[in-house]
Amino acid sequence: MRLRLFISLAVCLVFVGASVPAVAENVAASIDKRFAKADVEETPDFQKHVVPLFGRLGCNGRACHGSFQGQGGFRLSLFGYDFKLDHDALFQEDSPRVDRANPLESLIIAKPIDGDMHEGGKRYEKDSWQYNVIRRWIEGGAKFEADSIQKLVQLKIVPDEILLSKTGEEVQVKAIAIWEDGSQEDVTPLCRFQSNDDQVATIDQNGLVTATNRGDTHLVISYDKAVVPVPVIRPVTDLVGDKYPKLAAKTKVDELVIEKLRKLGVVPSEVCTDAEFLRRVRLDLTGTLPTAKEVEVFLADESTDKRAKKVDELLNTPAYAAWWSTKLCDFTGNNTQNLNNVSPLGNRPSPSQDWYDWIYRRVEQNMTYDKIVEGIIASNNMQPEQTYLEYCRMMSDTYRDGDKSYADLPAMEYYWSRRDFSNNMEARAIGFAYSFMGLRIQCAQCHKHPFDVWSKDDFHQFKNFFARIQPANANAPSEYRKEYNKLIEELGVSGKRGNELRRELPGLLKEGKTIPFGTISTTSRLQRTRNPDEEYPEFDNGKLLGGDVVDVVAVDDPRKVLMDWLRGAENPFFAKAFVNRAWASYFNAGIVNPPDDLNLANPPSNKALLDYLSTGFIENGFDMKWVHRTIINSDTYQRSWQPNETNKLDERNFSRSVARRLPAEVAYDAIQQATASDAKAKELCESIDGRAIAIATAGARTATGNGASFALSVFGKSTRESNCDCDRSSEPSLLQTVFLQNDREVLGLVDANRGTWLDGVARALKPASSDDAALERKINSLESQLKSAEKQLERAEKAKSEQQIAKAQSRIAQMEKQLDELNASIAKAAEKASESSDEKVNDFITDAYLRTLSRYPTQNELTRSVAYVHDANDPVEGLGDVLWALINTKEFIVNH
């Protein structure tokens, strides 16, 4: 059983029109009761009753008449939100489904009650309430007037929160529609119901909820344009109410998380160790392992505020700016393949690198998030006071002067130049909603969004905000065509186009000449995307999602209208999208998960928490560092990964840290850093040169460095190919295991090659050969002299010369004493060297743990590792094996 979504709502409402009228005392009875008998005189309403009934019966679903091809020559709008299309389809000339003159002969009555005649099988019984609804509508004239469509103001669900206590417990849900004219009706039989987790609770087609297992989830009720989530919770333990332990909440984040956990009966894990915190925050915030020395210093620090100080320190490192610039490039779609031929200089320098550098500069300076986004979507590099020639001169100087860069410019204009956006207003709308609002609105391009309020009309009015944008491609906009042609002529490249022209311009730039550049502009009229295979409605105005209608032709620049709307305090998406993605980067899931899919049917697991963070983000001027500090300094972020009995199954309510595989760039850099010499590891930690986290391009194909491309591909670096956070993979795979164990580059890094950690180990363990050689020479000399003295003694004994015998014996005794002293010195030195070697091996094993797992080894780990090294043929080789084993542990490749 997995703990699932829960949201604490005072009243579960969806507002899809004007303000909510006062709730009338009288609510019309449900339609199944009013139409239970055949003699009913009431005439149903096409919008309120007939179309929702089609949806309830499955007629307008994907598998039936709601498919793009329809069924049996009869097509309805998917999910039934295009009332005119549906009404017209019922009266199509070649095969009408409605016979006003003979209602009972109508196909929409005759076929659904006959399982043999109807390919979709029997949908309802003759004389049932469903039968009576459709029959009475036809008998009443089968009317529908497009001008009379009413707005559903509120869909009220009773109860608005469901608390369950035991398996099999049942609760009946009632849905009340409140229309703009003030009328109210029980529409429960006309709603569509689903549970986001049947393992917690099921709901049948009549709205009857049945408890299954412990946990929390949401029910989703749909009617007309409304989609309403209703939280369901069943405590996972008996620790609820007065039985729940008293827990201190250090921050507001902790308070809101514990408030939810209290309802679930889940007790959070303890706060993690200092070693776990340092490794976790280093990897999450900067994409970088801490060095061994950094770990030692942090663990030795006894100050109570050292964690908060470390966060502030890390927020001012180049690695923080690099890693979070990479994340923003993921969200905004920085993809080299989508930027071909958008610069007059081709791909040197790469527009993708310009994109990255522009964002990096602003993250490094802690520019507010809304200002960064404004520079991406609503700013221009060509200023109002500039002529086109002055603009081209400025751009030429930027690329020619080594002290200047694209990051110096006020706007990052390549966002609108993406090839997938080219003359495609729909793609621009979809990409914009994904990047800056965390929405997947592509469904509404062809039909009403199944999980949100967005209709097809909403989508195609919204896309008009992008229909006047003329991207800054290599050529100049039409209003500067005359100046562009003149400049081309002066450069002597008239008649050259495309790649031929782009091959010439870099050389002319190096010669000091001014070359032409494109600039973003807006057209005076709406551009249309022509797709003969689709039936897209066309509108003259634009409409903000859930907001106002705007005359997008009359405004100076619709991009600025969009930006003002995004940063407005009432915008329900902009701030939430960023803080939710930031939260997801620090935990195993977003508060809304997936993080890029904010929709009504996918509600936040903790609404109060998401509201607090998004409101605080706005109130703090969209300061990204405020978000990072607020999350990281909470006990919620600093929880241990070790579960207790109450939270061992929790992966959605943040009661513990859930281990996450390192992102591709972070994993690759961690391998490099863990195996590098101390000096190189320190350099990698302090600089972003050569770091994978600072690679500008998408995917891994163009990554630099031996083996980097393959490694980044294996570990799932974002391809930035579609509008989906799923372009980045965090899933483990067998290939990743094979790479860590057997890849040539990895094996080279854990060997004693130049610049590696093991190379330094080998040098440190190498004996002092000069001292050993001197001792060896002394011993050899004494042994030679001793042999000579022994021969003299033999000769003296033969000569029976007492004097010579005594002299030879004295000399031999003296040399034997010297030999004994030398051998004793050698034994003592060997013993000392052995002791020193053991100490060094212990130190190196400890260092290996610190540089890989960012902690000291346990006594058992140290003992086993020392024994392995002693048993190895070569201690250096044994230590290399220990390092290899450590980077192949789960503890190394996951952040916990």
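Here are a few things to note about the model shown:
Yes/no per residue for (1) open to solvent by 10 Å² or more (accessible area, probe 1.4 Å); (2) in a loop (DSSP other than H, G, I, E, B); (3) out of contact with any strand residue (DSSP E or B) (no Cβ under 8 Å at 6 or more places or on another chain):
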residue	(1), (2), (3)
Gln642	yes, yes, yes
Asn647	no, yes, yes
Asp650	no, yes, yes
Glu665	no, no, yes
Cys685	yes, no, yes
Ile693	no, no, yes
Phe710	yes, no, yes
Glu721	yes, yes, yes
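- Among residues of segment 416-466, those that are within 27 Å of Asp556 (Cβ to Cβ), in contact with a strand residue (DSSP E or B) (Cβ under 8 Å, 6 or more places away or on another chain) and in a loop (DSSP other than H, G, I, E, B), counted: 1
- Filtered by the rule that a residue be open to solvent by 80 Å² or more (accessible area, probe 1.4 Å) and outside any loop (DSSP other than H, G, I, E, B), segment 139-167 gives Glu139, Asp147, Leu163.
- Considering each residue of segment 268-277 in turn, at least one proves to be farther than 28 Å from Ser614 by Cβ, modelled with pLDDT of 95 or more and β-branched (Val, Ile, Thr).
- When residues of segment 54-71 are limited to those that are part of a loop (DSSP other than H, G, I, E, B) and among the polar types (S, T, N, Q), the one modelled with the lowest pLDDT: Ser67
- Within segment 616-634, the set of residues being open to solvent by 40 Å² or more (accessible area, probe 1.4 Å), closer than 13 Å to Phe578 by Cβ and part of a helix (DSSP H, G or I) comprises Ile618, Trp626.
- Cβ-Cβ contacts under 6 Å between residues 6 or more apart (or on different chains), taken from a first residue in segment 514-540 that is within 21 Å of Ser417 (Cβ to Cβ) and in a loop (DSSP other than H, G, I, E, B) to a second residue that is at pLDDT below 80 and open to solvent by 70 Å² or more (accessible area, probe 1.4 Å), are listed as Gly518/Asn475.
- Candidates are the residues of segment 763-792 that are open to solvent by 30 Å² or more (accessible area, probe 1.4 Å) and hydrophobic (A, V, I, L, M, F, W, C); the one that is modelled with the lowest pLDDT is Ala768.
- Any hit, segment 96-111, residues being touching a strand residue (DSSP E or B) at 6+ places or on another chain (Cβ under 8 Å) and at pLDDT below 80: no
- Filter pass, Lys496 being in a helix (DSSP H, G or I) and either without any contact (Cβ under 8 Å) to a residue 40 or more places away in the chain or open to solvent by 60 Å² or more (accessible area, probe 1.4 Å) (or both): no
- Test: residue in segment 387-408 that is of a type outside the set (Gly, Ala, Ser), at pLDDT 95 or above and at positive phi: no
- Extreme residue, nearest to the chain's Cα centre (by Cα), among residues of segment 556-578 that are closer than 24 Å to Tyr612 by Cα and assigned to a loop (DSSP other than H, G, I, E, B): Phe573
- Qualifying positions in segment 83-95 - in a loop (DSSP other than H, G, I, E, B) and modelled with pLDDT of 80 or more: Phe91
- Residue that is farthest from Glu745 (Cα to Cα) [pool: residues in segment 873-896 that are open to solvent by 30 Å² or more (accessible area, probe 1.4 Å) and of a type outside the set (D, E, K, R)]: Asn873
- Options Leu219, Leu190; residue that is within 30 Å of the chain's Cα centre (by Cα) and among the aliphatic types (A, V, I, L, M): Leu219
- Selection from segment 127-138 of residues that are part of a loop (DSSP other than H, G, I, E, B) and open to solvent by 40 Å² or more (accessible area, probe 1.4 Å): Asp127
- Considering Ala664, Ala694, the condition of being touching a Phe, Trp or Tyr at 6+ places or on another chain (Cβ under 6 Å) and not polar (S, T, N, Q) is satisfied by Ala664 alone.
- Counting residues in segment 514-536 that are surrounded by 14 or more Cβ atoms within 10 Å (Cβ to Cβ), under 29 Å from the mean Cα position of the chain (by Cα) and not aliphatic (A, V, I, L, M) gives zero.
- Qualifying residue in segment 20-37 (condition: aromatic (Phe, Trp, Tyr) and modelled with pLDDT of 90 or more): yes
- For segment 188-233, the strands (runs of 3 or more DSSP E) that sit wholly inside it and include 1 or more residues that are farther than 22 Å from Val592 by Cα, open to solvent by 10 Å² or more (accessible area, probe 1.4 Å) and at pLDDT below 95 are 192-195.
- Inspection of segment 587-606 identifies no residue that is surrounded by 19 or more Cβ atoms within 10 Å (Cβ to Cβ), in a helix (DSSP H, G or I) and within 23 Å of the chain's Cα centre (by Cα).
- Scan of segment 168-187 for residues that are touching a residue at least 60 places away in the same chain (Cβ under 8 Å), part of a loop (DSSP other than H, G, I, E, B) and either buried (at least 21 other Cβ atoms within 10 Å of the Cβ) or of a type in the set (Val, Ile, Thr) (or both), ordered by number: Val187
- Single residue of Ser396, Ser405, Ser417 found to be open to solvent by 20 Å² or more (accessible area, probe 1.4 Å), touching a residue at least 24 places away in the same chain (Cβ under 8 Å) and more than 19 Å from Gln461 (Cα to Cα): Ser405
Every residue, every condition in (1) at pLDDT 90 or above; (2) closer than 30 Å to Ala429 by Cα; (3) open to solvent by 20 Å² or more (accessible area, probe 1.4 Å); (4) in contact with a helix residue (DSSP H, G or I) (Cβ under 8 Å, 6 or more places away or on another chain), yes or no:
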site: Thr675; (1), (2), (3), (4): yes, no, no, yes
site: Thr702; (1), (2), (3), (4): no, yes, yes, yes
site: Asn706; (1), (2), (3), (4): no, no, yes, yes
site: Phe739; (1), (2), (3), (4): yes, no, no, yes
site: Val750; (1), (2), (3), (4): yes, no, no, yes
site: Thr756; (1), (2), (3), (4): yes, no, no, yes
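- Condition met for Lys807 (among the basic types (Lys, Arg), surrounded by 13 or more Cβ atoms within 10 Å (Cβ to Cβ) and part of a helix (DSSP H, G or I)): yes
- Matching residues in segment 731-769 - criterion: being assigned to a loop (DSSP other than H, G, I, E, B), touching a Ser or Thr at 6+ places or on another chain (Cβ under 7 Å) and closer than 24 Å to Lys890 by Cα: Val750
- Any hit, segment 452-461, residues being buried (at least 20 other Cβ atoms within 10 Å of the Cβ) and without any contact (Cβ under 8 Å) to a residue 12 or more places away in the chain: no
- Once segment 112-126 is narrowed to residues that are in contact with a helix residue (DSSP H, G or I) (Cβ under 9 Å, 6 or more places away or on another chain) and loosely packed, with under 13 Cβ neighbours inside 10 Å, the residue that is modelled with the lowest pLDDT is Met117.
The values are calculated or read from the model by the stated rules, or taken from the named source; none is laboratory data. Not measured: the values here are computed from a predicted model. All Cβ positions, even for glycine, are placed from backbone atoms using ideal geometry, and neighbour counts span all protein chains on display. Keep in mind that these areas ignore ligands, DNA and RNA; they rest on the heavy atoms of the full protein, side chains included. Shrake-Rupley method; radii C 1.70, N 1.55, O 1.52, S 1.80 Å.
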